[in-house]
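Asker: Please find one structure pasted underneath; my questions will follow.
The values are calculated or read from the model by the stated rules, or taken from the named source; none is laboratory data. Note that the coordinates shown come from a computational prediction; the quantities given were computed from them, not determined experimentally. Using ideal geometry, Cβ is built from the backbone for each residue, glycine included, and neighbour counts are taken over all protein chains shown.
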C-alpha cells in the first residue's frame, strides 16, 4: 500500500489508495480511518501497526485478497479530551459505505468516552462492521521514560496491532479467551496488549474464515438477479440469506442488558408497575380482561415500543446514500430485533415482579375485595392476566421514559458490543 496521501480539497480528509485486489480470489477490504491529529511518533507507530495487521491477516487467512485502504480525517475529535465512540463509528460507517469497504477501523489519539468502565481502549460494533480504537493510553513512554524512540514506536505499534486484531475478532463474532497471549484476551490495562501473540488460534481461524468468506461473497446489490426485486422482497431475501449473521450480531449486542442500562426507561416502567399494583381499580380492570386481549396488547406493546424508540432515538436515521444494500438490511434488522428483545426482557421483568409482589403482599381476601366486579374469587389465571396487563402498560410508559434518554448514550448502548 502506498503511503503517499491524495488530498481531497475542502473535505477535511486525505485518502491513500489500496492495492488492487486480484480478480480470481475473494476480496476483503478493511479500511482504516485516522481520526484527528496524531503527533509524529503516533503516526509512525500507527503506520507500523497497520503493516503488522496486514501481515497477520494475510498470513493467517491466505485464501482472500486483502486490501487495507487508509483515510485521514482531521475533522474528527478535534478540541475534545474524550470523543464519543458512536461519533467515530458513524464516521467509519460513512467511509465504509461510500468506499465499499467490508470493515472499518477508526483510530483516534483522543480518549474514548467510556460509559460502563473507568476507561475504554476500543468499542467494536458488529452491527455496523466498524470499531473505534483509541491510542491515547497505549503509549509506553508514559510509564517508561528511559526507552528509546525506536523501542517506543515498536511497542506502541504492537499494542495498536493487538487491539485492532482483538477488535477484528469481535466484529467476526469471536469470544474472549483466558490466556494472556491470546488475541481475544480482554486487556484490563494497556500493558496487557504487550503479551499478545498477534495470531489467532486454529479454532479462531476456522471461525473467522467462515465469517470472512460470507463477507467476501458478492453482495445482493452486485448481482443482476436481484435488481428487479421490490424493496420488501429485497429485504426479505437479505434476511433469509443472512439470518445466522443477524442472530450473531444480536447476541453480540446482548439486548438483555438494556433494562439495566437504560435507567429512564426502567424507572418509568417500574414506577407504573408500583402504581398499578397498589391500585384497587387497576386490579378490578386488569383481572376482567380476556387472556387473548392481554396477549395481543402485550405483542403490540413490545413491537410498538421498539419501533417508537428506534425512530425517536434515530437508530436507523443516519443513512448514507439511498441505494439499497444487503449490509444496510442486515444492520437494520439486527438493531430492530435487538431492541425488540430488550423490550421483551423488560416486559418479562415487569411480569415477574408483579407476580412476586402479589405473592409477598396480597392475600386472597384483599384481591377478592379489589376485584369485586369479577364475580368470583381471583385465581391464578386472573393473576397472570393482571401481570400481563401491568407489564404491557408499564412497557408503554417505559418507552416514553426511554425517549428522554440522551440519544448519544442510547445509541452507545444499542451499537457498542463492549468497551474493551
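Asker: Can you tell me which condition residue 75 does not meet? The list is (1) touching a strand residue (DSSP E or B) at 6+ places or on another chain (Cβ under 9 Å); (2) free of Cβ contacts under 8 Å to residues at least 24 places away in the same chain; (3) over 19 Å from residue 413 (Cβ atoms), and all the others hold.
Answerer: (2)
Asker: Name every residue in region 267-297 that is surrounded by 14 or more Cβ atoms within 10 Å (Cβ to Cβ) and assigned to a loop (DSSP other than H, G, I, E, B), in order of residue number.
Answerer: Residues satisfying the conditions are 287, 288, 289.
Asker: Follow-up. Kindly establish whether residue 316 is out of contact with any strand residue (DSSP E or B) (no Cβ under 6 Å at 6 or more places or on another chain), without any contact (Cβ under 8 Å) to a residue 40 or more places away in the chain and not in a helix (DSSP H, G or I).
Answerer: Values: out of contact with any strand residue (DSSP E or B) (no Cβ under 6 Å at 6 or more places or on another chain): yes; without any contact (Cβ under 8 Å) to a residue 40 or more places away in the chain: yes; not in a helix (DSSP H, G or I): yes.
So residue 316 passes the test.
Asker: For residue 300, indicate whether it is assigned to a helix (DSSP H, G or I), modelled with pLDDT of 95 or more, surrounded by fewer than 21 Cβ atoms within 10 Å (Cβ to Cβ) and outside the structural domain of residue 90 (by TED's automatic domain parsing).
Answerer: Working: assigned to a helix (DSSP H, G or I): yes; modelled with pLDDT of 95 or more: yes; surrounded by fewer than 21 Cβ atoms within 10 Å (Cβ to Cβ): yes; outside the structural domain of residue 90 (by TED's automatic domain parsing): yes.
Yes, satisfied.
Asker: Please tell me if residue 3 is within 20 Å of residue 109 (Cα to Cα), at pLDDT below 85 and not in a strand (DSSP E or B).
Answerer: Numbers: within 20 Å of residue 109 (Cα to Cα): yes; at pLDDT below 85: yes; not in a strand (DSSP E or B): yes.
Against the criterion (within 20 Å of residue 109 (Cα to Cα), at pLDDT below 85 and not in a strand (DSSP E or B)), residue 3 qualifies.
Asker: I've got another one for you. Going by the conditions given, is residue 66 free of Cβ contacts under 8 Å to residues at least 60 places away in the same chain and assigned to a strand (DSSP E or B)?
Answerer: Yes.
Asker: Could you tell me which of the residues 112, 138 is within 30 Å of residue 214 (Cβ to Cβ), buried (at least 24 other Cβ atoms within 10 Å of the Cβ) and either in the same structural domain as residue 174 (by TED's automatic domain parsing) or at pLDDT below 90 (or both)?
Answerer: Numbers: 138 fails: within 30 Å of residue 214 (Cβ to Cβ).
Criteria check complete, one pass: 112.
Asker: Assess whether residue 104 counts as being touching a strand residue (DSSP E or B) at 6+ places or on another chain (Cβ under 6 Å) and not in a loop (DSSP other than H, G, I, E, B).
Answerer: yes
Asker: Residue 316: under 29 Å from residue 363 (Cβ atoms) and in the same structural domain as residue 265 (by TED's automatic domain parsing), yes or no?
Answerer: Working: under 29 Å from residue 363 (Cβ atoms): no; in the same structural domain as residue 265 (by TED's automatic domain parsing): yes.
It is false that residue 316 is under 29 Å from residue 363 (Cβ atoms) and in the same structural domain as residue 265 (by TED's automatic domain parsing).
Asker: Kindly check whether there is at least one residue in region 11-19 that is over 30 Å from residue 150 (Cα atoms) and either more than 20 Å from the chain's Cα centre (by Cα) or modelled with pLDDT of 90 or more (or both).
Answerer: Start the filter on region 11-19 by keeping residues that are over 30 Å from residue 150 (Cα atoms), which leaves 11-12.
Filter again for either more than 20 Å from the chain's Cα centre (by Cα) or modelled with pLDDT of 90 or more (or both), leaving 11-12.
For region 11-19, residues over 30 Å from residue 150 (Cα atoms) and either more than 20 Å from the chain's Cα centre (by Cα) or modelled with pLDDT of 90 or more (or both): present.
Asker: Please determine, by comparing only the residues of region 255-266 that are part of a helix (DSSP H, G or I) and in contact with a helix residue (DSSP H, G or I) (Cβ under 6 Å, 6 or more places away or on another chain), which one is farthest from residue 382 (Cα to Cα). Give the derivation first.
Answerer: Kept after step one, since they are part of a helix (DSSP H, G or I), are these residues of region 255-266: 255-261, 263-266.
From what's left, in contact with a helix residue (DSSP H, G or I) (Cβ under 6 Å, 6 or more places away or on another chain): 255-256, 258-259, 261, 264-266.
Values: 255: 30, 256: 28, 258: 29, 259: 26, 261: 32, 264: 30, 265: 27, 266: 25 Å.
Here the residue is 261.
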